[in-house]
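The values are calculated or read from the model by the stated rules, or taken from the named source; none is laboratory data. Given the structure is predicted, the values throughout are model-derived calculations rather than measurements. Using ideal geometry, Cβ is built from the backbone for each residue, glycine included, and neighbour counts are taken over all protein chains shown.
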Amino acid sequence: MAGAANDPPNAERPSGRIFAPGAPLRRPGAMAAFLLVAAAGLAADLWTKHAVFQSLLADPALAPRVGLMVAEHGSQPPAEHVLRVLRLRREVFPGFLLTLSTNPGVVFGLPMPPWAVAIATVFTIGLVGYFFASSPAAARWVRAALAIILAGALGNFYDRMLSATVVPGIDKPITGQVRDFLDFSEIRVFGLNYPYIFNVADVLLVIGVAMLILHWTLAGRREKRAERAGRKTA
């Protein structure tokens, strides 16, 4: 009680709670840091997708291979089918490959109609905005996690709405699909591997959610310890 009496009126105390009220929207520094992290994550995702796809699709030997496929089919097959059959890849180091792939669904290739993806993305952005606006001033970890989640959500949403992947020799580009290229499927641990190809946006989403879960878990433990200590001193 003595410490509380010495605190100045209206002093802000750090809180681990995600839902604790705060005023980050009224603090230019918090807003600027949030937007900077989100913009950096989004730029990293879009740039890596563009760079990897452009590099592997620029192979001059690709057009003749596509021409043979078109001749065998008698017409141009869908670009996503061509990309899947060609299996364009480049080894970065043993076990880690850059493999071009497009995903019409969501995580793990689960199918979802475009309108549902759009609604889910808008909902995610709104949820991130709510958590950001209600976060306490000291919750920098939470705001960083929210910015990372926002970057990942926007990166994949951009692909579904605006990206067009052109395969040489195929007139119609791939649209409405997410560009994936990170491939660790050849790494096996105890006979198991991760068979899915993913991208930087997926990594950002996983990191952001993991940060929130970790924060939530540690904050809950701190609150329980504080409650037990309060009961002992009561």
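Working only within region 69-81, note down all residues that are surrounded by 11 or more Cβ atoms within 10 Å (Cβ to Cβ) and not β-branched (Val, Ile, Thr).
Met69, His73, Gln76, Pro77, Pro78, Ala79, Glu80, His81
Suppose we filter Ala201, Ala210 for residues that are at pLDDT 90 or above and either closer than 26 Å to Val85 by Cβ or surrounded by 16 or more Cβ atoms within 10 Å (Cβ to Cβ) (or both); which single one remains?
Ala201
Please work out which residue is nearest to Lys172 (Cα to Cα), limiting yourself to region 64-79 and to residues that are of a type in the set (A, V, I, L, M, F, W, C) and more than 35 Å from the chain's Cα centre (by Cα).
So, considering only residues that are of a type in the set (A, V, I, L, M, F, W, C) and more than 35 Å from the chain's Cα centre (by Cα), the one nearest to Lys172 (Cα to Cα) is Val70.
Being of a type in the set (A, V, I, L, M, F, W, C) and on the phi > 0 side of the Ramachandran plot: is that true of Phe190 here?
Answer is yes for this residue.
Pull out all pairs, ordered by first then second residue, where Cβ-Cβ is under 7 Å, the residues are six or more apart or on different chains, the first lies in region 43-71 and is of a type in the set (Gly, Ala, Ser), and the second is surrounded by 13 or more Cβ atoms within 10 Å (Cβ to Cβ).
What qualifies is Ala44/Val200; Ala63/Pro168; Ala63/Gly169; Gly67/Gly169.
Residue pairs, Cβ under 9 Å, 6 or more apart or interchain, first in region 167-183 and at positive phi, second of a type in the set (Lys, Arg) and not in a loop (DSSP other than H, G, I, E, B). List them.
Matching pairs, first to second residue: Gly169/Arg65; Gly176/Arg160.
Can you pull out the residues in region 130-145 that are of a type outside the set (Val, Ile, Thr) and crowded, with 24+ Cβ neighbours inside 10 Å?
To start, the set of residues in region 130-145 that are of a type outside the set (Val, Ile, Thr) comprises 130-141, 143-145.
Ser135, Ala139, Ala145 - these are the residues of region 130-145 that are of a type outside the set (Val, Ile, Thr) and crowded, with 24+ Cβ neighbours inside 10 Å.
Give me a count of the residues in region 104-145 that are part of a loop (DSSP other than H, G, I, E, B) and in contact with a strand residue (DSSP E or B) (Cβ under 9 Å, 6 or more places away or on another chain).
3
Which one of the conditions (1) surrounded by fewer than 13 Cβ atoms within 10 Å (Cβ to Cβ); (2) among the aliphatic types (A, V, I, L, M); (3) over 24 Å from the mean Cα position of the chain (by Cα) does Leu218 fail to meet, given that it meets all the rest?
With respect to (1) surrounded by fewer than 13 Cβ atoms within 10 Å (Cβ to Cβ); (2) among the aliphatic types (A, V, I, L, M); (3) over 24 Å from the mean Cα position of the chain (by Cα), Leu218 is out only on (3).
If Val66 satisfies every condition in (1) over 19 Å from Phe157 (Cα atoms); (2) at pLDDT 50 or above; (3) surrounded by fewer than 17 Cβ atoms within 10 Å (Cβ to Cβ) but one, which is the exception?
Evaluating Val66 over (1) over 19 Å from Phe157 (Cα atoms); (2) at pLDDT 50 or above; (3) surrounded by fewer than 17 Cβ atoms within 10 Å (Cβ to Cβ) leaves (3) as the failure.
Table: residues versus (1) over 16 Å from Trp141 (Cα atoms); (2) of a type outside the set (A, V, I, L, M); (3) not in a strand (DSSP E or B).
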{"position": "Asp180", "(1), (2), (3)": "yes, yes, no"}
{"position": "Tyr194", "(1), (2), (3)": "yes, yes, yes"}
{"position": "Asp202", "(1), (2), (3)": "yes, yes, yes"}
{"position": "Ala226", "(1), (2), (3)": "yes, no, yes"}
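Report whether or not Tyr158 is assigned to a loop (DSSP other than H, G, I, E, B) and under 25 Å from the mean Cα position of the chain (by Cα). Before you say what the answer is, go through the steps one by one.
On the way: assigned to a loop (DSSP other than H, G, I, E, B): no; under 25 Å from the mean Cα position of the chain (by Cα): yes.
So Tyr158 fails the test.
Would you check if Arg160 is more than 19 Å from Glu91 (Cβ to Cβ), crowded, with 18+ Cβ neighbours inside 10 Å and modelled with pLDDT under 95? Let's see the steps before the verdict.
Working: more than 19 Å from Glu91 (Cβ to Cβ): yes; crowded, with 18+ Cβ neighbours inside 10 Å: yes; modelled with pLDDT under 95: yes.
Here the answer is yes, as Arg160 does meet what is asked.
If the requirement is being of a type in the set (A, V, I, L, M), outside any helix (DSSP H, G or I) and surrounded by 17 or more Cβ atoms within 10 Å (Cβ to Cβ), which of these qualifies: Ile170, Ile148?
Only one candidate qualifies: Ile170.
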